[in-house]
Amino acid sequence: MTNLHRLVSSPKSLLVFEAAARLSSFSKAAQAFNISQPSASRNIAQLEADIGQALFIRGAKGAALTEAGKALFLAVSGGFGRMSEVITQLQGQQDRADREVVLSLSNAFVTNWLGPRFAEFVASFPDVALRFELLPGTRVGLPEDVDLVSCIRDETANDAVLAPEVIVPVCSPAYLAQHGTLPMGADGAGHAFLHLSDHPRVIWEPMLGPSVRGADQPGTWYAFSDYAAILQAAVDGTGIALGWVNVVAGALRAGRLVPAWQGAAINTGRCIMLVSTRAGPERPVVREIANWLCAHMAEDLAALGRDGLVPDHVMDRSATQTVGGLSYTVE
């Protein structure tokens, strides 16, 4: 194959030859390549000169292949056919890549918030090939080459704000009926707590006070490395979990989870942001997906305020409370 350029004057002559042999006509081959019939004849004549044999028998009824022409057509058509298949496959791969949008989101967010509205989500973007990269716990650093990454940080001008970072202790209605609401300043005795092992327990200090800093912490504690598992355990009535509102908003609205603490929800002053880590300009469809997520989240947050589940003033992004003096993230 590497010596082909030495065997024929121009690869184009092979293309014209293949078309003329397949169509049994120099004129039709010329039309296929948008060239004149004399030009097609010259290409084939040059190929015959390069090979040293006649490839066609010219006649009034068209062009018929000689034995040499039949042998060459068999080889050329097979090679061109295989090349056509590969090119089609590569173009299809590029088309899928162009349509693909990669979302790096928490497993808990997708399972609890996006999952119940997933059919509506995908129906809104029928031409997009969605790929989800799910995170079980806290995010450490941002992944590269991702269209939308959820992360918790201070609000920035160019990125989409999904929600303020608001934390609400939550439990199931059955657990609440059996154990009652966690009182202000209670040490947690008599309750079970579902804790994300990525976090130090001081994150519970606004609810449970300084007792969580001691070695002997009241109450029963269960540690998980996956936040989605924590919320499932809370729904099942196992105990109290810290609920990031952007994850539990749907469960609160549906009544699968209820606030478990007598105190107000905690606004950390940060936001859940949707950012892109891909190089180059952002594709319009990526911004449309971010806007869809933000708009539906805004509906949930407004409904939580109307229903009194999370006070409106807590959702205000200017409201800030310290959570144990440390930073915690669950997207």
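Bear in mind these aren't lab numbers, they're just calculated from the coordinates by the rules spelled out. Treat the numbers as computed from the prediction; the structure is a model and nothing was measured. Reconstructed Cβ throughout: ideal geometry from the backbone, glycine too, with neighbour counts over all protein chains shown.
Our estimate of slack between E288 and F33, defined as 0.36 nm per intervening residue step minus the Cα-Cα distance, is 87.6 nm. Given 0.36 nm per residue, what is the gain on full extension from Q89 to A71 after removing their alpha carbon distance, in nm? That pair, Q89 and A71, stretches by 3.7 nm at full extension. Among A260, A60, A229, the largest mean-square fluctuation in a Gaussian network model of the chain, built with springs joining Cα atoms closer than 10 Å, belongs to A60. One Cα centroid belongs to segment 211-229, the other to segment 118-155; the line between them spans 29 Å.
The ranking of L301, L4 by Cβ neighbour count inside 10 Å, starting from the fewest, reads L4, L301. Taking the centroid of alpha carbons for each part, segment 1-71 and segment 163-198 are 81 Å apart. For segment 100-315, the relative contact order comes to 32 percent (Cα pairs under 8 Å, sequence separation of at least 6). Between E144 and A64, the simple label model (points 7 Å from Cα in the Cβ direction) yields a spacing of 6.4 nm.
How much FRET efficiency would the formula 1/(1 + (r/R0)^6) give for F80 and A298, where r is the Cβ-Cβ distance and R0 is 56 Å, rounded to 0.05? Can you show the working numbers first?
Working: r = 55 Å, r/R0 = 0.99.
Calculated transfer efficiency: 0.50.
What helices does the chain hold that run 24 Å or longer along their axis, going by alpha-carbon atoms, with a Kyte-Doolittle average of -1.0 or more, using DSSP H for the helix calls?
Values: long enough: 67-99 (48 Å, -0.32); 284-306 (33 Å, 0.37).
Counting only whole DSSP H runs, the qualifying helices are 67-99, 284-306.
Please identify which residues in segment 289-309 have an amide N closer than 12 Å to a label point set 7 Å out from the Cα of E100, following the Cα→Cβ vector. So the set is empty, nothing qualifies. When the Gaussian network model of the chain links Cα atoms closer than 10 Å, the mean-square fluctuations of G180, G137, G79 top out at G79. Placing R0 at 35 angstrom, the Cβ-Cβ distance between R22 and D127 gives a FRET efficiency of 0.50 after rounding to 0.05.
Near A174: Cβ cut-off under 15 Å, other residues only, Lys/Arg at +1 and Asp/Glu at -1. The net charge is 0.
Close amide H pairs (under 5 Å, H built 1.01 Å from N) link R270 with E165, residues at least 5 positions away or on another chain.
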